[in-house]
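Below is one structure, written out as structure tokens; the observations come after it.
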Amino acid sequence: MKKAQFIIEVVVTDPDSNLPVEVSMFKHENGGIFGIDSSYIVQEFDDDEQAIIPDPFSHNHKQNVILKGV
């Protein structure tokens, strides 16, 4: 399973609602960078639980990635 390291949290404007959204940015071990809505991480994973999501860079979309540093 691949890993992605937390880099920083940024605030962006949702283009639909025009409201601010906090986005956690991650550096994938393959070199790519991706962001995920921070509220999703808070809602889906407990503090003592390892955050594992579908790998956004997986070609077959069947691999997962561990989010480190959240």
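Bear in mind that the values in this text are calculations on the coordinates, not laboratory data. Because the structure is predicted, anything quoted here is derived from the model rather than measured. As a convention, Cβ positions derive from the backbone with ideal geometry for all residues, glycine included, and neighbour counts pool all protein chains shown.
If Lys and Arg each add +1 and Asp and Glu each add -1, what is the summed charge of the other residues whose beta carbon sits under 13 Å from the beta carbon of LYS62?
That sum, taken over residues with Cβ under 13 Å, equals 0.
How much net charge surrounds ILE8 when only the other residues with a Cβ under 12 Å from the Cβ of ILE8 are counted, with Lys and Arg +1 and Asp and Glu -1?
Summing Lys/Arg as +1 and Asp/Glu as -1 gives -1.
Counting residues in the chain as N, plug N into 2.2 N^0.38 Å and put the Cα Rg over that result.
Scaled against compact globular proteins, the figure is 1.13.
Would you mind counting up the charge near GLN50? Only other residues with Cβ under 15 Å from its Cβ, with Lys and Arg at +1 and Asp and Glu at -1.
-3
Give a residue-ordered list of calculated ³J(HN,Hα) values for region 3-14 (Karplus: 6.51 cos²θ - 1.76 cosθ + 1.60, θ = phi - 60°; whole Hz; x for Gly, Pro).
Once θ is set to phi - 60°, the couplings for region 3-14 become 10, 9, 9, 4, 10, 6, 9, 10, 10, 10, 9, 5 Hz.
Could you give the length gained by full extension between GLU44 and LYS62, i.e. 0.36 nm per residue of separation minus their alpha carbon distance, to one decimal place?
Gain on extension, GLU44 to LYS62, equals 4.6 nm.
What residues from region 24-48 fall in the zone where the backbone N is under 16 Å from a label point 7 Å along the Cα-to-C-beta line of GLN5?
From region 24-48, the list is 25-34.
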